[in-house]
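Below: the structure, in C-alpha coordinates.
The values are calculated or read from the model by the stated rules, or taken from the named source; none is laboratory data. What you see is a predicted model, and the numbers here were worked out from it, not measured in a lab.
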Amino acid sequence: METDERWLVGWKSIGAYLGRSAKTAQRWARDGMPFFRDPSSRPIAKPSMIDQFLVNLNREHYDDQTWQDEGVEAALGYENQKDRERKDLNERFV
(Lines give C-alpha, C1' and ligand atoms only; values in the text may rest on other atoms or scores of the structure.)
Protein backbone atom coordinates (compact mmCIF):
# COMPACT_ATOMS: atom_id res chain seq x y z
CA MET A 1 0.00 0.00 0.00
CA GLU A 2 1.23 3.47 -0.85
CA THR A 3 2.17 5.41 2.29
CA ASP A 4 1.76 8.85 0.68
CA GLU A 5 -1.88 8.37 -0.25
CA ARG A 6 -3.59 11.68 -0.99
CA TRP A 7 -6.98 12.67 0.36
CA LEU A 8 -9.83 13.24 -2.06
CA VAL A 9 -11.37 16.62 -1.18
CA GLY A 10 -14.94 17.49 -2.12
CA TRP A 11 -17.79 15.51 -3.60
CA LYS A 12 -16.66 16.27 -7.15
CA SER A 13 -13.24 14.75 -6.51
CA ILE A 14 -14.69 11.74 -4.70
CA GLY A 15 -17.22 11.23 -7.49
CA ALA A 16 -14.48 11.44 -10.14
CA TYR A 17 -12.52 8.77 -8.29
CA LEU A 18 -15.60 6.55 -8.29
CA GLY A 19 -16.31 7.29 -11.93
CA ARG A 20 -19.69 8.70 -10.93
CA SER A 21 -21.23 12.12 -10.29
CA ALA A 22 -20.81 14.15 -7.12
CA LYS A 23 -24.49 13.51 -6.33
CA THR A 24 -23.94 9.73 -6.55
CA ALA A 25 -20.94 10.04 -4.21
CA GLN A 26 -23.18 11.86 -1.71
CA ARG A 27 -25.85 9.15 -1.98
CA TRP A 28 -23.26 6.39 -1.48
CA ALA A 29 -21.95 8.27 1.58
CA ARG A 30 -25.47 8.26 3.03
CA ASP A 31 -25.52 4.50 2.38
CA GLY A 32 -22.30 3.92 4.33
CA MET A 33 -19.34 4.88 2.14
CA PRO A 34 -16.61 6.12 4.51
CA PHE A 35 -15.71 9.80 4.46
CA PHE A 36 -14.75 12.51 6.93
CA ARG A 37 -15.21 16.26 7.13
CA ASP A 38 -12.24 18.61 7.35
CA PRO A 39 -12.33 21.65 9.69
CA SER A 40 -14.08 23.73 7.02
CA SER A 41 -16.76 20.98 6.70
CA ARG A 42 -15.68 19.80 3.23
CA PRO A 43 -16.02 16.04 2.66
CA ILE A 44 -12.69 14.19 2.42
CA ALA A 45 -11.93 10.52 1.82
CA LYS A 46 -8.96 8.21 1.30
CA PRO A 47 -9.03 6.19 -1.94
CA SER A 48 -8.07 3.00 -0.09
CA MET A 49 -11.09 3.37 2.21
CA ILE A 50 -13.39 3.83 -0.78
CA ASP A 51 -11.85 0.82 -2.53
CA GLN A 52 -12.43 -1.32 0.56
CA PHE A 53 -16.03 -0.11 0.76
CA LEU A 54 -16.60 -1.12 -2.88
CA VAL A 55 -15.11 -4.56 -2.29
CA ASN A 56 -17.22 -5.12 0.82
CA LEU A 57 -20.33 -3.81 -0.93
CA ASN A 58 -19.89 -6.29 -3.76
CA ARG A 59 -18.22 -9.18 -1.92
CA GLU A 60 -20.84 -11.74 -2.92
CA HIS A 61 -20.28 -10.88 -6.58
CA TYR A 62 -16.49 -10.99 -6.27
CA ASP A 63 -16.55 -14.41 -4.60
CA ASP A 64 -18.32 -16.12 -7.50
CA GLN A 65 -16.68 -13.84 -10.11
CA THR A 66 -19.92 -13.27 -12.01
CA TRP A 67 -19.71 -9.50 -11.97
CA GLN A 68 -17.01 -6.86 -12.30
CA ASP A 69 -17.24 -3.53 -10.51
CA GLU A 70 -16.89 -0.67 -12.98
CA GLY A 71 -16.13 1.68 -10.08
CA VAL A 72 -12.80 -0.04 -9.43
CA GLU A 73 -11.91 0.22 -13.12
CA ALA A 74 -12.86 3.89 -13.09
CA ALA A 75 -10.76 4.47 -9.97
CA LEU A 76 -7.73 2.87 -11.57
CA GLY A 77 -8.30 4.92 -14.72
CA TYR A 78 -8.53 8.06 -12.59
CA GLU A 79 -5.18 7.28 -10.95
CA ASN A 80 -3.56 6.62 -14.33
CA GLN A 81 -4.94 9.90 -15.67
CA LYS A 82 -3.53 11.81 -12.68
CA ASP A 83 -0.12 10.16 -13.19
CA ARG A 84 -0.11 11.17 -16.87
CA GLU A 85 -1.08 14.73 -15.97
CA ARG A 86 1.77 14.92 -13.40
CA LYS A 87 4.27 13.60 -15.95
CA ASP A 88 3.07 16.06 -18.59
CA LEU A 89 3.37 18.92 -16.12
CA ASN A 90 6.88 17.86 -15.10
CA GLU A 91 7.95 17.60 -18.75
CA ARG A 92 6.76 21.17 -19.41
CA PHE A 93 8.96 22.49 -16.61
CA VAL A 94 12.07 20.57 -17.65
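Filter the stretch 38-72 for residues that are assigned to a helix (DSSP H, G or I), of a type in the set (Asp, Glu) and at pLDDT 75 or above and give the result.
Listed by number, the list holds a single entry, ASP51.
Can MET33 be described as of a type outside the set (Val, Ile, Thr), at pLDDT below 90 and more than 17 Å from GLY77 (Cα to Cα)?
no
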